[in-house]
Amino acid sequence: MKKYGTMRWLLTVAVASLLHLASPAEYLLPGDVLPRHYDLKYAFDIDPATNFSFYGIVEILLDVKHETSKIVLHATDFTISAEDVTVTGPKSPKVTGTRLNDTYNLLTVSLDCKLEQGKNYTLTIPFYGNLKQGLDGTYISTYVNKQTKAKEYLIATQFEAISARKGFPCFDEPMYKATFTITIGHHKDFSAISNMPLVNAVSENPLEEIWPWTQIEETFKKKKADFVWDTYEKSLPMSTYLVAFVVSKFSYVQSPAELSKTKFRIWARSDASDQTAYAAVTGPKALSYFEQWFNVSYPLPKQDMIAIPDFAAGAMENWGLITYRETELLYDEKQSSFLNKERVAEVIAHELAHQWFGNLVTMKWWSDLWLNEGFATFAASVAVNHVEPTWNADMSYAVDNMLSVLSLDALESSHPVSVAIDDPKRITEIFDEISYRKGSTLIRMMTMFLGDEVFRKAINNYLRKYSYANAEQDDLWRELTAANQQYGGLTRNVTVKEVMDTWTTQTGYPILTVTRDYDDKSLSIAQRRYFSLVARTATRQSWWVPLRVLCQPEVGNANMPLQWLAANEGLQDLHTFRHGAGREEWVLFNHDMIAPYRVNYDPRNWQLLIRTLKMEDYTQIPVLGRVQLLSDAFALAWTNHLDYNTALSLASYLQREKDYLPLSTGLKALSKIENVLKRSPDYGAFQKFVRKLIGETYEKSGGLATKRIINGKDLNSVKMQVTTSAWACRVKVPGCEENAMQLFQQWMDTENPDENNPIPLDLRRTVYCVGVARGSVLHWRFALAREQRANVAAARDALLQALTCTKEIWILAQYLEWTITEGSEVRRQDAGAVIANIVRSPVGFYVAKDFIYDRIEDIYNAFKGQGRRIGHIMKILLDQFTTQTELDNFLSWRDKNARFLAESKLSVEQAIEKAKVNIDWIAKNRQSVVDKLREFSMESSDEELEDRALRLGLTHDAASATSLHALLVLLAPLYIV
Ligand SMILES: *[C@@H]1O[C@H](CO)[C@@H](O)[C@H](O)[C@H]1NC(C)=O
Ligand SMILES: *[C@@H]1O[C@H](CO)[C@@H](O)[C@H](O)[C@H]1NC(C)=O
Ligand SMILES: *[C@@H]1O[C@H](CO)[C@@H](O)[C@H](O)[C@H]1NC(C)=O
Ligand SMILES: [Zn+2]
């Protein structure tokens, strides 16, 4: 395994204190024998009457590295036909026993003699079992054929991270790459696809000789006359988690041949095959672009992409057969929104980037998962930028990623990008924002400080050198350092590794405190780790921080040199910089958001910046600079590094802002305040402040006026309209909810509402939510009926989430019940999002909290194998807390229910810290912030009256609109990819 340096070791201990620590020897395979090739054969009976029985046999060609008399590999969730396990090779070893220990899913095959070093052996294991409806391993998914109304079944796989062992006995660690030849027997009504192209489909069972037919049930034997046996080409060497196959009655659309030399097919339920057109074009375009960008050809002859009706993640990058949740692959012009389309492009690009970063070159062990996910997340923006050049994907993804890093990574309980993993069961926990978004942010940072060309040269070398093999982050640093030495890039005498180790092996990020000397054009910088709560422990962490400093007189100068704050600078002694801003001119740090850090200035510099934003041409400050300022000001005010007067004064310029990114950043920052005020008497004051801030932009962007057509507009204006509309209804901009209700009513009055929906596509989520929140049970039932009939997953999803907006407690209780009921309206893949949304809504919170506390065992059972989901729900639940009582109740509940939270320990720690942050804020800031909100919105007397009325509860209740809170969060991607 990995060797840890001292710093890494300390961090390992820190993380290990949260998680129980096991020694690597316990859970890792011994490595005495290496798999070189798998010959994997299955027969599946896709029939509920036989409980989906299946038979499999795997022959593994082994290369013996150290002589041994036992072979250890992984297996779980099926039965091994122990008496039929054999090993062939020199001296014909006899199997003396097989033992399965489920703690780490280890299967030990004991032999009567030692396998000889350097020799080849073949291990043969027959196995059988019944497939279950689930979300990982080899599982059954279901759907209803809209034409025949028949319930249909399919088989899909999800093997990442450690579920290949549920599919077949294998060496289930990413290091053990091997080739695979797969054969699948199935009824001829179905078709099967796998990583590689089909080479041979025969009706004669090729397994007759080797199959342990004694095991096979009579019914199965009768059916085999109708079976076909599909064999696929031998794969390239790859990790087990990338193996995939699907057996279904789906149909496919082939991509236009001129877009790529790779044969591309997009698969879906036959009813949905007309929703594949966008993917059929975007996929090959992105793939061809990556070939050029990586300068390495895509090594497989084909690429299949398939939408699975039940899917835990967003998508999975299986080599040559990418599987997706329906919402992340399918796009329908009449039913999907622009934002759905954006998401589809992003996910396709992400998965295709993995075909190189992840599949061709793979991390050695899951602790470097960020190499896979961070890179794919970053590369997605590169390809989407190429495929959809008007979307500015590079900037918008950079902002999304950076802002979530700054938020999560300010917790003391965050974790380093490169994280030690002591128990394979907790691997799923690190498929989180740190791996994806911090990883991506750091990769973008490297492209910026090295330059795109140097960066790509290094990546090309890395990909070539480690093709069909594994690497860890030091291998990447080595290539980057070498390219830097050869071509230049870094503006300081430091290696890439030195810089990057400060970012990837340490938790958190720095805050720079900038203090200007207004007399001699200099400033000093101090750095230390930033926490969202006063840290219990002092840290001496520091970073290599890339800096680009913009001075007001230099606005428009594109060639600003990159400077560095070294890891030993700005600690004890302040580090001094010279700059070109005069007494009345501002300086601005990180206006290109090159790296995740916060910046605080002396009060005068803040005032100079605010003056430009409010009084002058605010575009003097570049878009990302405005994003950084807004995000910093609110974060720093939240932690009492800056007063709220400054933050709110700065935010008030947003009345003029025409760009989506700064506006949404400001609103996102405000939603943090909203979150702790929304169940309090002060919520009216908050709503009033936001009304004033966005009222005009809402009108100008088109609002919810029924006649405005928003299709065909550019993405920036669509996002402006969607975001301001959602906020406008939520903070009661006059007319907003009324418009929404009108639209919803029109829809209810429409003949054939499933075909004819008068609500503008991109505004549907907002309108649905208001309709359900303010309407009666009739409205709820209407939305439910539409959800049940919808054939487009994106449309169904919007309705499913809108149903959480109701304020009827009994309906919420019923809806929550469905999330854990097999075969109910809510598919298991959507259950987590439904619960989370109810938790977030002000009324739903109380219902959901009771539900979670009372029913955790049922929730746990319903979410088995999806530990991440429970962790996610815990984070959202505790983020709602504002009182110590709520937290104390949780803590005592947790102690009694620890066994259900074992797989979400890290998330629960983070959740508790979030609750503490909120409680702390209420104590320190609530009164002063509410006073300031009132002060800032104290202008229009009409509004003031309305506000008072609201506070006195004289008009409709203030809480109603906040169910929309959930919807805004929904706009952010929910599922890992
Ligand atoms: C299974 O493995 C675990 C961890 O190595 C060990 O503690 C336990 O005793 C084993 N159980 C059996 C039945 O061997
Ligand atoms: C073991 O198998 C590999 C791959 O099939 C082959 O190249 C190699 O020659 C074999 N080694 C021996 C000692 O038989
Ligand atoms: C860069 O740093 C290395 C190692 O610290 C040193 O050996 C070398 O002389 C330095 N180069 C320059 C140009 O300063
Ligand atoms: Zn990914």
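The values are calculated or read from the model by the stated rules, or taken from the named source; none is laboratory data. These figures come from a predicted structure and were not determined experimentally. Glycine also receives a Cβ, built like all others from the backbone with ideal geometry; neighbour counts cover every protein chain displayed.
State which residue is farthest from ligand 4 (Cβ to nearest atom) when the search covers only the stretch 116-147 and only residues that are assigned to a loop (DSSP other than H, G, I, E, B) and surrounded by fewer than 18 Cβ atoms within 10 Å (Cβ to Cβ).
Glu116
Have a look at Tyr153, Tyr139 and point out the one that is at pLDDT 95 or above, closer than 19 Å to Glu822 by Cβ and touching a Pro at 6+ places or on another chain (Cβ under 8 Å).
Tyr153
When you go through Phe159, Phe168 one by one, which is the residue that is within 16 Å of ligand 4 (Cβ to nearest atom) and within 20 Å of Asp39 (Cβ to Cβ)?
Of Phe159, Phe168, the one residue that is within 16 Å of ligand 4 (Cβ to nearest atom) and within 20 Å of Asp39 (Cβ to Cβ) is Phe159.
Restricting to the stretch 867-900, name every residue that is buried (at least 20 other Cβ atoms within 10 Å of the Cβ) and of a type in the set (A, V, I, L, M, F, W, C).
Result: Ile870, Ile873, Met874, Ile876, Leu877, Leu878, Phe881, Phe890.
Go through Thr108, Thr96 for me and flag whichever is outside any loop (DSSP other than H, G, I, E, B) and away from ligand 1 (no atom under 16 Å from the Cβ).
Being outside any loop (DSSP other than H, G, I, E, B) and away from ligand 1 (no atom under 16 Å from the Cβ) holds for just one of Thr108, Thr96, which is Thr96.
Do you know which residues across the stretch 405-437 are part of a helix (DSSP H, G or I), small (Gly, Ala, Ser) and buried (at least 20 other Cβ atoms within 10 Å of the Cβ)?
The one that is part of a helix (DSSP H, G or I), small (Gly, Ala, Ser) and buried (at least 20 other Cβ atoms within 10 Å of the Cβ): Ser435.
If you scan the stretch 676-693, which residues turn out to be more than 30 Å from the chain's Cα centre (by Cα) and part of a helix (DSSP H, G or I)?
Answer for the stretch 676-693, where residues must be more than 30 Å from the chain's Cα centre (by Cα) and part of a helix (DSSP H, G or I): Tyr683, Gly684, Ala685, Phe686, Gln687, Lys688, Phe689, Arg691, Lys692, Leu693.
Among the residues of the stretch 115-129, which ones are away from ligand 2 (no atom under 16 Å from the Cβ) and either more than 28 Å from Ala156 (Cβ to Cβ) or modelled with pLDDT under 95 (or both)?
Correct list: Pro126, Phe127, Tyr128, Gly129.
Taking the stretch 818-834 only, how many residues are over 19 Å from Thr327 (Cα atoms) and in contact with a Ser or Thr (Cβ under 8 Å, 6 or more places away or on another chain)?
1
Determine whether Ala25 is more than 16 Å from ligand 2 (Cβ to nearest atom), under 32 Å from the mean Cα position of the chain (by Cα) and free of Cβ contacts under 8 Å to residues at least 24 places away in the same chain.
yes
Restricting to the stretch 244-260, and then to whatever is of a type outside the set (A, V, I, L, M) and out of contact with any helix residue (DSSP H, G or I) (no Cβ under 8 Å at 6 or more places or on another chain), can you tell me which residue is nearest to Thr181 (Cα to Cα)?
The qualifying residue nearest to Thr181 (Cα to Cα) is Phe245.
Can you report the number of residues in the stretch 60-114 which are of a type in the set (Ser, Thr, Tyr) and within 16 Å of ligand 2 (Cβ to nearest atom)?
2
Tell me, which residue of the stretch 811-833 that is at pLDDT 95 or above and crowded, with 22+ Cβ neighbours inside 10 Å is nearest to Ala773 (Cα to Cα)?
For the stretch 811-833, the residue satisfying everything is Leu812.
In the stretch 314-342, which residues are farther than 24 Å from Glu233 by Cβ and either in contact with a Lys or Arg (Cβ under 7 Å, 6 or more places away or on another chain) or of a type in the set (Ser, Thr, Tyr) (or both)?
Listed by number, the residues that qualify are Gly314, Thr327, Glu328, Tyr331, Ser336, Ser337.
May I ask you to verify whether Ser69 is of a type outside the set (A, V, I, L, M, F, W, C) and under 39 Å from the mean Cα position of the chain (by Cα)?
Spelling it out, it is not the case that Ser69 is of a type outside the set (A, V, I, L, M, F, W, C) and under 39 Å from the mean Cα position of the chain (by Cα).
Return the residues of the stretch 481-515 that are within 30 Å of Ile421 (Cα to Cα), free of Cβ contacts under 8 Å to residues at least 60 places away in the same chain and touching a Lys or Arg at 6+ places or on another chain (Cβ under 8 Å); say none if nothing qualifies.
Thr481, Lys497
What do you reckon, is Ala567 among the hydrophobic types (A, V, I, L, M, F, W, C), in contact with a helix residue (DSSP H, G or I) (Cβ under 8 Å, 6 or more places away or on another chain), under 22 Å from Arg626 (Cα atoms) and at pLDDT 90 or above?
Criteria not met by Ala567.
Here's a check for you: in the stretch 156-212, which residue that is more than 30 Å from Val64 (Cβ to Cβ) and in a loop (DSSP other than H, G, I, E, B) is modelled with the lowest pLDDT?
Once the filter is applied, the top-ranked residue is Glu208.
Give the residue, chosen from Leu73, Leu62, that is in a strand (DSSP E or B) and within 16 Å of ligand 1 (Cβ to nearest atom).
Answer to the selection: Leu73.
Based on this model, can you work out whether Glu388 counts as within 16 Å of ligand 4 (Cβ to nearest atom) and touching a residue at least 24 places away in the same chain (Cβ under 8 Å)?
So Glu388 does not fit the description; no.
Determine which single condition Thr103 fails, assuming it passes every other condition in (1) surrounded by fewer than 23 Cβ atoms within 10 Å (Cβ to Cβ); (2) touching a strand residue (DSSP E or B) at 6+ places or on another chain (Cβ under 9 Å).
(2)
Find the helices (runs of 4 or more DSSP H) located wholly in the stretch 852-940 whose residues include 3 or more that are within 19 Å of Lys425 (Cβ to Cβ), and list them.
Helices (runs of 4 or more DSSP H) meeting the threshold: 867-879, 905-936.
Mind checking which pairs have a first residue in the stretch 93-113 that is within 14 Å of Leu123 (Cβ to Cβ) and a second that is within 16 Å of ligand 4 (Cβ to nearest atom), Cβ under 6 Å, 6 or more apart or different chains?
Close Cβ pairs (under 6 Å, with a partner that is within 16 Å of ligand 4 (Cβ to nearest atom)) do not exist here.
Right, Leu339: in contact with a strand residue (DSSP E or B) (Cβ under 6 Å, 6 or more places away or on another chain) and either on the phi > 0 side of the Ramachandran plot or more than 16 Å from ligand 2 (Cβ to nearest atom) (or both) or not?
No.
Sort through Leu463, Leu523, Leu490 and tell me the only one that's more than 30 Å from Trp606 (Cβ to Cβ) and more than 29 Å from the chain's Cα centre (by Cα).
Sole residue among the options that is more than 30 Å from Trp606 (Cβ to Cβ) and more than 29 Å from the chain's Cα centre (by Cα): Leu490.
Taking Ile876, is it at pLDDT 95 or above and not hydroxyl-bearing (Ser, Thr, Tyr)?
Yes; evaluated as a whole, the condition is true for this residue.
Listed residues Thr507, Thr491, Thr481; which is touching a strand residue (DSSP E or B) at 6+ places or on another chain (Cβ under 9 Å), outside any strand (DSSP E or B) and crowded, with 18+ Cβ neighbours inside 10 Å?
Thr507
If you check Ala831 against the conditions, is it among the aliphatic types (A, V, I, L, M) and without any contact (Cβ under 8 Å) to a residue 40 or more places away in the chain?
Judged against the criteria, Ala831 is a match.
Answer yes if at least one residue in the stretch 191-203 is touching a helix residue (DSSP H, G or I) at 6+ places or on another chain (Cβ under 9 Å) and more than 16 Å from ligand 1 (Cβ to nearest atom), and no otherwise.
yes
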